[in-house]
């Protein structure tokens, strides 16, 4: 019996769904160095990112909030991707992710790894804000310690 070869898009969809159904790093950090939250009024997604810095390294990161599968999966995958990285490395990852989401002609950076799963979302401009909300919140947290709010328009 011949089985069809799995499609890369199908594998990526499964990865996104897995992170939506079983989010990593979901919760709050009691000893967070920075707490930043963001809201997307177009679809109602809300994300709060807690960061614990050890000098310039993200020692721990967690998120809470609610929203669509794209925003929740992106938050989960983002926390996995930046934990243990320096602020500079995390900022570079934010830039690479946002570049992939906004410029379909740019080949995704190798450093994105599994985050390439979101490349297909870039074809749906309405969903790009869902995928980038957590990344914009993270970016604010990297730029300042303390609490702040990001609102997507």
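The values are calculated or read from the model by the stated rules, or taken from the named source; none is laboratory data. These numbers come from a predicted model, not from an experiment. Cβ placement follows ideal geometry from the backbone for every residue including glycine, while neighbour counts extend to all protein chains displayed.
Looking at residue 79 and the list (1) under 16 Å from residue 16 (Cβ atoms); (2) in contact with a helix residue (DSSP H, G or I) (Cβ under 7 Å, 6 or more places away or on another chain); (3) in contact (Cβ under 8 Å) with a residue 40 or more places away in the chain, which single condition is not satisfied?
Evaluating residue 79 over (1) under 16 Å from residue 16 (Cβ atoms); (2) in contact with a helix residue (DSSP H, G or I) (Cβ under 7 Å, 6 or more places away or on another chain); (3) in contact (Cβ under 8 Å) with a residue 40 or more places away in the chain leaves (2) as the failure.
If I ask for residues that are touching a residue at least 12 places away in the same chain (Cβ under 8 Å) and either within 14 Å of the chain's Cα centre (by Cα) or over 19 Å from residue 136 (Cβ atoms) (or both), which ones from region 24-38 would you list? Please lay out each step first, then the result.
Filtering region 24-38 for residues touching a residue at least 12 places away in the same chain (Cβ under 8 Å) gives 24-29, 31-38.
Selection gives 24, 25, 26, 27, 28, 29, 31, 36, 37, 38.
All but one of (1) over 11 Å from the mean Cα position of the chain (by Cα); (2) farther than 19 Å from residue 41 by Cβ hold for residue 115; which doesn't?
The number of the failed condition is (1).
Within the bounds of region 85-99, is there any residue that is modelled with pLDDT of 95 or more and within 20 Å of residue 30 (Cβ to Cβ)?
Within region 85-99, none of the residues are modelled with pLDDT of 95 or more and within 20 Å of residue 30 (Cβ to Cβ).
May I ask you to verify whether residue 121 is modelled with pLDDT under 95, buried (at least 21 other Cβ atoms within 10 Å of the Cβ) and in contact with a helix residue (DSSP H, G or I) (Cβ under 8 Å, 6 or more places away or on another chain)?
On the way: modelled with pLDDT under 95: yes; buried (at least 21 other Cβ atoms within 10 Å of the Cβ): yes; in contact with a helix residue (DSSP H, G or I) (Cβ under 8 Å, 6 or more places away or on another chain): yes.
Answer is yes for this residue.
Only one of these conditions is not met by residue 115: (1) touching a strand residue (DSSP E or B) at 6+ places or on another chain (Cβ under 7 Å); (2) surrounded by 14 or more Cβ atoms within 10 Å (Cβ to Cβ); (3) under 19 Å from residue 38 (Cβ atoms). Which number is it?
Of the numbered conditions (1) touching a strand residue (DSSP E or B) at 6+ places or on another chain (Cβ under 7 Å); (2) surrounded by 14 or more Cβ atoms within 10 Å (Cβ to Cβ); (3) under 19 Å from residue 38 (Cβ atoms), the odd one out for residue 115 is (1).
Determine, yes or no, whether residue 91 is surrounded by fewer than 22 Cβ atoms within 10 Å (Cβ to Cβ), in contact with a strand residue (DSSP E or B) (Cβ under 6 Å, 6 or more places away or on another chain) and assigned to a helix (DSSP H, G or I).
Working: surrounded by fewer than 22 Cβ atoms within 10 Å (Cβ to Cβ): yes; in contact with a strand residue (DSSP E or B) (Cβ under 6 Å, 6 or more places away or on another chain): no; assigned to a helix (DSSP H, G or I): yes.
So residue 91 fails the test.
Taking region 1-39 as the region of interest, how many residues are modelled with pLDDT of 85 or more, assigned to a loop (DSSP other than H, G, I, E, B) and at negative phi?
Final tally of qualifying residues: 9.
Would you check which residues across region 40-57 are over 15 Å from the mean Cα position of the chain (by Cα) and not in a loop (DSSP other than H, G, I, E, B) and list them?
In the first step, residues of region 40-57 are kept if they are over 15 Å from the mean Cα position of the chain (by Cα); the result is 41-44, 52-57.
Once the filter is applied, which keeps residues that are over 15 Å from the mean Cα position of the chain (by Cα) and not in a loop (DSSP other than H, G, I, E, B), region 40-57 yields 52, 53, 54, 57.
Look at region 40-80 and say how many of its residues are more than 14 Å from residue 26 (Cα to Cα), at pLDDT 95 or above and buried (at least 22 other Cβ atoms within 10 Å of the Cβ).
Of the residues in that region, 2 qualify.
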